Structures are given as C-alpha cells and as structure tokens.
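Structure first, commentary second.
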Amino acid sequence: MEKLKRLVVFLSLSACIGAAPAQRPQSEVQDGIAVKPLSRLRVLAPEEMVNEAAAQQYQGLLAEARQKGALVSASDPQVRRLRGIAQRIIPYTPRWNPAAKEWKWQVNLLDSPQVNAFCMPGGRIAFFTGILDSLKLTDDEVAAVMGHEIAHALREHGRERMAKSNLTSLGARLGGALLSGILGVDPHLTGSAANAAGQMLVLKFSRDEEREADLVGLDIAARAGYDPRAGIALWHKMAALGKRTPLELLSTHPGGETRIADMQNHMDVLLPLYARAKGISVGALPPYRTETALR
C-alpha cells in the first residue's frame, strides 16, 4: 500500500512538472520579423500568368524608357549603387519565399521626377531618379525602399490582391442579389452598396500589404547590414515633402505616422539583426544619421 502511495505521488509530481510551461531565457530575442505562410488565396491567380505578364510589362517599360532616353546607363554611379545594394540584400530573400533563389533579378534606374520605386514578380526592380534626388536617400534608406518593394514581390501581394479582388467582386454581386430579394428593392441599389463595401475591403487588404512590406523589407535590409532605423527617417522625409494625402481609411497606403509607429514597435527585433550583421551589440550601435531632404 505504501509503495502505491509513493507511486501516486511520483506520478502527480511528474504530471505537474510536465504541465508547467517551459521558461524561455529572458535574454532570448525573436529572430527578426516572424515569417508567416504565404496566402493560400494566391493560387487563384496562376503564377505563370502573373510572372509572364510582369516580365512583358517590365521589358516594355525598359524599351519605352530606352527609346525616350530615360533608361539610365549601367555605368552611371547611381545604377552601380542600386545594384550593389541589391546584391547585398538578395541573398536574404529566400527566407521569405524559397522561389526567390530562382529569380532572374534585374535592377534599373529610370530618369523621371516621380518619387517612386517598384519590384515586379520575379525580382524585376526599378527606381526613379526622383526618389533619390528629392529625398537625398542614404544607402540605408535606399535599402529600406528596395527591401519594401522586394517584400511585395516575395510575399506575392500582386497575386493575392488579384485573387482577393476577384473574390470580393463575386461576393458583392451575390450579396447584392441576396439583399435585393430580401428587401424587395432595386437590385442596382443593393448591388452598388455591396460593391462599395467590397471596395473598402480591397483597400484594407492593400493597407495590410503595405504594413507587411514595411516590416519584411526592413528585416531583409537589416540582415544585409543596413540600419532599419532608416525606414523611420525615410517616412519623416516623405512627410517633409508636404504632399497632401487622402484619409487613411480611404487610402491604399497607411498614413506616415502609422507606418513610423509600426516600425518603432518592431525595432526590438530589427535592431538585433542589424547589430549581428555589423558584429556588435545593440547597445554599441551609434545613432542613425541621415541627410536633409531637398525641398
């Protein structure tokens, strides 16, 4: 009987120990921005179709720019600078999408006052001289922009958006027809209301994509040795341009203050990546320095 009691006590203690949550060392820090699975909705937009369309559009853009004398020469210092930054960033892209290992990366610069840059599916990158000149971007800030645009391609936001837009449109039509039958009103009125609600959802999807691209882009840049605090400096410069922006709820992009707050809230996982790439501790990192943007 005594042996049985001891066995019961032993099993009870074992159960308690097994049920106790494992304690993580307090010094352990998450390794950058958490990787999430790619959206399953993107399969509704065939990858081959999206990539082929992107390739044709990119080549057409380059051909038109070349014809107009707007394609900056590969020997230009700014082009060499952009391609050098890309070469440092690209090795860290497969973490977010294994297919990136097979992409035929391209980086080009277009002579245009537009404050813009993009990366099409398959790693087709283009910057406009306007974003480099107007904002006087440091290399860290170029890396923040480039990382953001690359992140859109890595996370396949184009495919996902196409699929979501198609589903939203279908849902709006079905919802409008259902409301018309229930309420007994003109189906055109209910269809318009449902379509407006659907468009709001599409805008929300797009804002979420922008936030993800901000953080994923800084993660990639930080691993390549570029200061993630450059993302915050970049958006302060954008705000300094003084451009009026639409109400955030009705915009496809989150407001600058929202983006800055999101980045600041994730510096605890981004700065360790940068410090590791530099071979120093976070505490030893110097303050971030930028250049004043042109007015």
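The values are calculated or read from the model by the stated rules, or taken from the named source; none is laboratory data. Nothing here was measured: the structure is a model prediction, and the numbers come from that model. Positions of Cβ are generated from backbone atoms using ideal geometry, with glycine treated the same way; all protein chains shown enter the neighbour counts.
Brief remarks on what is shown
- Count of residues meeting criterion [touching a residue at least 40 places away in the same chain (Cβ under 8 Å), under 21 Å from the mean Cα position of the chain (by Cα) and loosely packed, with under 12 Cβ neighbours inside 10 Å] in the range 50-100: 0
A quick yes/no check of all residues on (1) at pLDDT below 95; (2) within 23 Å of residue 35 (Cβ to Cβ); (3) among the hydroxyl-bearing types (Ser, Thr, Tyr):
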| site | (1), (2), (3) |
| --- | --- |
| 235 | yes, no, no |
| 251 | yes, no, yes |
| 260 | yes, no, no |
| 263 | no, yes, no |
| 277 | no, yes, no |
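- Of all residues in the range 111-141 being farther than 28 Å from residue 51 by Cβ and of a type in the set (Ser, Thr, Tyr), the one that is modelled with the highest pLDDT: 138
- Look at (1) aliphatic (A, V, I, L, M); (2) out of contact with any Leu (no Cβ under 8 Å at 6 or more places or on another chain); (3) buried (at least 18 other Cβ atoms within 10 Å of the Cβ) and you find that residue 110 fails only one, number (2).
- Condition met for residue 122 (assigned to a helix (DSSP H, G or I), small (Gly, Ala, Ser) and touching a residue at least 12 places away in the same chain (Cβ under 8 Å)): no
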